[in-house]
Amino acid sequence: MPPQRSESREIAELRRLRQDQPELASAADLQIELLQLQRRAQSRVSLPSIRLDTDYLNAQLASPPVLHFEHLPIEWGDLRFLLRATASAMRSHDALDDKDFRRVETLCRDTERLPVVLRSWYESAKEGAPPIHPDAAGLEPVLLQAMRPFLTRSADAIMAKSDLAGWTRGTCPLCAGEPEFAVITPAAERILICGRCSARWRFHQLTCPFCLNADRGRITSFASRDGQYRLYACDECQRYLKAFDARQATRPVMPVVDGVATLPLDAAAMQRGYK
């Protein structure tokens, strides 16, 4: 019998989190299942079909996003498996209703329509993009999780050749996605982490990445009880971003783990009227 692959550190941290905070067990279990599904496909994902040259990539920052849909190394058989399995996992954890589950099943059977819908979802993040395809509307969380192996593989390959130092905007230079999390480095810099492809780029410590409000008096900040996390809420656009404070941390930021660990911060922010 072949040896089982060891669990990733993220899964180990999620198991520890669900044990320490039972109220987060359901959310942790869903993320564990999704990570296990994505790991099955990750090892087979190839490099993106973009020129991986530092000078070329840095030049593309002038006309973002750098990563176009046709660059993504999508293997359609793997993607259909991930879509079905992701929808099934989300439905079993009450994160997807039966109607949307059936929509995913129908989409997976239509091999001509699926690429059109996926392209529309991917490109909908771009500024000035047309409305998202109606077959993708409402299924964004499923599409995102199923696309993660292809998106993160592509972003990792590009970031290995470019540090994105010339990028100063609040949206992702690679895929145009919005930041989902941030990390405060030991040098007190704030690095944003894309919620789609997981690319990372430096951004001003107290400027809102969503509306670019830089008035410190209009930014509300509060921390978790243990000081491990901070939340920055903008009083102009009413949006917020959570951050992992690495200055006293014993491990690196793990957006999937930290997203679950900070669900109480989400609740606190929403109670204050932020979104």
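The values are calculated or read from the model by the stated rules, or taken from the named source; none is laboratory data. Because the structure is predicted, anything quoted here is derived from the model rather than measured. All Cβ positions, even for glycine, are placed from backbone atoms using ideal geometry, and neighbour counts span all protein chains on display. Each accessible area value is taken on the protein alone, full model and side chains, heavy atoms only, with ligands, DNA and RNA left out. Shrake-Rupley method; radii C 1.70, N 1.55, O 1.52, S 1.80 Å.
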Selection over segment 149-184 where residues are among the β-branched types (Val, Ile, Thr) and at pLDDT below 95 yields a count of 1
### Query
Quick check: is even one residue across segment 46-63 open to solvent by less than 20 Å² (accessible area, probe 1.4 Å) and under 10 Å from Phe150 (Cβ atoms)?
yes
Selection over segment 218-240 where residues are closer than 22 Å to Thr168 by Cβ and either outside any loop (DSSP other than H, G, I, E, B) or touching a residue at least 60 places away in the same chain (Cβ under 8 Å) (or both) yields a count of 8
Residue hits (segment 4-37; assigned to a loop (DSSP other than H, G, I, E, B) and either of a type in the set (Gly, Ala, Ser) or open to solvent by less than 20 Å² (accessible area, probe 1.4 Å) (or both)) are Ser6, Ser8
Filtering segment 230-257 for residues that are surrounded by fewer than 20 Cβ atoms within 10 Å (Cβ to Cβ) and acidic (Asp, Glu) leaves a count of 2
Filtering segment 61-111 for residues that are aliphatic (A, V, I, L, M), touching a residue at least 12 places away in the same chain (Cβ under 8 Å) and closer than 27 Å to Ser49 by Cβ leaves a count of 11
Among residues of segment 149-166 being touching a Lys or Arg at 6+ places or on another chain (Cβ under 8 Å) and open to solvent by 10 Å² or more (accessible area, probe 1.4 Å), the residue farthest from His93 (Cα to Cα) is Ala165
Does segment 182-192 include one or more residues that are without any contact (Cβ under 8 Å) to a residue 40 or more places away in the chain, outside any strand (DSSP E or B) and either of a type outside the set (D, E, K, R) or open to solvent by 40 Å² or more (accessible area, probe 1.4 Å) (or both)? yes
When restricted to Arg109, Arg102, Arg40, Arg84, the only residue open to solvent by 60 Å² or more (accessible area, probe 1.4 Å) and closer than 29 Å to Ala160 by Cβ is Arg40
